[in-house]
1. Return the only residue of L80, L64 being in a helix (DSSP H, G or I), at pLDDT below 90 and either aliphatic (A, V, I, L, M) or closer than 22 Å to K7 by Cα (or both).
2. Got a number for residues in the stretch 1-49 being open to solvent by 80 Å² or more (accessible area, probe 1.4 Å), modelled with pLDDT of 80 or more and of a type in the set (K, R)?
3. Could you please let me know if D43 is in a loop (DSSP other than H, G, I, E, B), of a type outside the set (S, T, N, Q) and over 17 Å from V130 (Cβ atoms)?
Amino acid sequence: MAIAALKFVNGFGLLVLGLGALHYVHGDIGKDFAHWMELLRADPHNRYLLWLLQRLSNVDEHRLRQLSVGTFFYSALFLLEGTGLAMAKRWAEYLTIVTTASLMPVELYELYARLTWPRGVVLVVNIVVVAYLVVELKRTKKSKAG
């Protein structure tokens, strides 16, 4: 159930991100971010916020559409996995193993390219999820066969 909950959180988070990207397709995300910085009285000279503002100002309509399509796809996939796992469906365990394991080479490359704690934690969590599901599939298969 913990894995299903994690899939639901990821799925709904990506859904919100995709809707947010669509909201800004015809708007100015950089202008709105600057407005929020002003409302929240953020330090206008903070280098991280300035870097983020610069990056957001360069995002065009095409990139926002790409982002929304990708986030909607992964949102649907995570919500499907979460629903299947919550309902204890065997296909969901297989789907979760395949989708999670298929992204590990990319995660390993990203970790190799730039070693950071969050990337390491994501990789470890995904390894634990896959290992748990593989062990659980083998265990339940043996108990049904015996």
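1. On inspection, the qualifying residue turns out to be L64.
2. 2
3. Values: in a loop (DSSP other than H, G, I, E, B): yes; of a type outside the set (S, T, N, Q): yes; over 17 Å from V130 (Cβ atoms): yes.
So D43 fits the description; yes.
Residue-wise test of (1) open to solvent by 80 Å² or more (accessible area, probe 1.4 Å); (2) touching a residue at least 40 places away in the same chain (Cβ under 8 Å).
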site	(1), (2)
F72	no, yes
L95	no, no
V124	yes, no
A131	no, no
K138	yes, no
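The values are calculated or read from the model by the stated rules, or taken from the named source; none is laboratory data. Every value quoted in this text rests on a predicted model; they were computed, and no experiment measured them. For neighbour counting, all protein chains shown are included, and Cβ atoms are generated from backbone atoms with ideal geometry for every residue, glycine included. Only protein heavy atoms, including side chains, enter the accessible area calculation; ligands, DNA and RNA are left aside. Shrake-Rupley method; radii C 1.70, N 1.55, O 1.52, S 1.80 Å.
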